[in-house]
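In what follows, a single structure is set out as structure tokens and then discussed.
The values are calculated or read from the model by the stated rules, or taken from the named source; none is laboratory data. Here the structure is a predicted model, which means the values were calculated and not measured. Here the Cβ is made from the backbone with ideal geometry for all residues, glycine too, and neighbour counts use every protein chain on show. For the accessible areas, the whole protein counts, side chains as well, though only heavy atoms, and no ligand, DNA or RNA atoms are used. Shrake-Rupley method; radii C 1.70, N 1.55, O 1.52, S 1.80 Å.
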Amino acid sequence: MRRLTLLSVFAVAAVSFVAFRPAATTDANAVEGVWKALHVTRTDAEGTQENEITTPNLTIFTATHFANVRTGAREELAEDPTDEQLLAAWRPFNASAGTYEVKGNEIHTKIIVHKSPNVTAVQREASAPFEVDGDTMYRTMYRTFTNQAGTVTWKVKYVRVE
């Protein structure tokens, strides 16, 4: 009888934990922290592709600023690298930083610093819907292309790393 009571207490506790788990939020404070992108779902006119993100990356949100650094696969540089080797190492690297603001369920970013001087010169702005569920964040980015791809959507899954 005691065992049945103990099992009942655990069952009620487990159901309560799941039933009263906080819902996903778009609260601005939930964004603050250090995030690593793990997965991306890309959708265009031709269909949907799912990809794990295995290359190094970090996105940092403070109260009002963000920074994002990511890279593709790169080979180690030789002791005295050639210009071609340096360019090959630099090409897959990307970085940006600037300010952001949460409005409703969207993160509005304004880039102040970027790897590309063209982006920095115009201080590119973008908005992306987001949702935070505990230590997981999802952001959806849209790009419209003039070729056959039409609108391309990337939904990126991040995990908190701090």
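All but one of (1) open to solvent by less than 50 Å² (accessible area, probe 1.4 Å); (2) within 18 Å of Val34 (Cβ to Cβ) hold for Tyr138; state the number of the condition that does not hold. Of the numbered conditions (1) open to solvent by less than 50 Å² (accessible area, probe 1.4 Å); (2) within 18 Å of Val34 (Cβ to Cβ), the odd one out for Tyr138 is (1).
Among the residues making up the range 65-77, those that are open to solvent by 60 Å² or more (accessible area, probe 1.4 Å) and either touching a residue at least 24 places away in the same chain (Cβ under 8 Å) or within 16 Å of Arg139 (Cα to Cα) (or both) are His65, Val69, Arg70.
Restricting to the range 78-128, name every residue that is open to solvent by 50 Å² or more (accessible area, probe 1.4 Å), out of contact with any strand residue (DSSP E or B) (no Cβ under 8 Å at 6 or more places or on another chain), closer than 20 Å to Thr55 by Cα and not polar (S, T, N, Q). Hits for the range 78-128 are Leu86, Leu87, Ala88, Trp90, Arg91. Within the range 32-55, residues that are closer than 18 Å to Met137 by Cβ and outside any strand (DSSP E or B) reach partners that are of a type in the set (Ser, Thr, Tyr) and open to solvent by less than 80 Å² (accessible area, probe 1.4 Å) with beta carbons closer than 9 Å, at six or more positions or on different chains, in the pairs Glu32/Thr62. On the basis of being under 21 Å from Thr109 (Cβ atoms), in contact with a His (Cβ under 7 Å, 6 or more places away or on another chain) and surrounded by 11 or more Cβ atoms within 10 Å (Cβ to Cβ), does Ile60 make the cut? No.
Any residue at all in the range 68-79 that's at positive phi, assigned to a loop (DSSP other than H, G, I, E, B) and of a type outside the set (A, V, I, L, M, F, W, C)? Steps first, answer last, please.
Step one: list which residues in the range 68-79 are at positive phi, which gives none.
Taking every residue of the range 68-79 in turn, none turns out to be at positive phi, assigned to a loop (DSSP other than H, G, I, E, B) and of a type outside the set (A, V, I, L, M, F, W, C).
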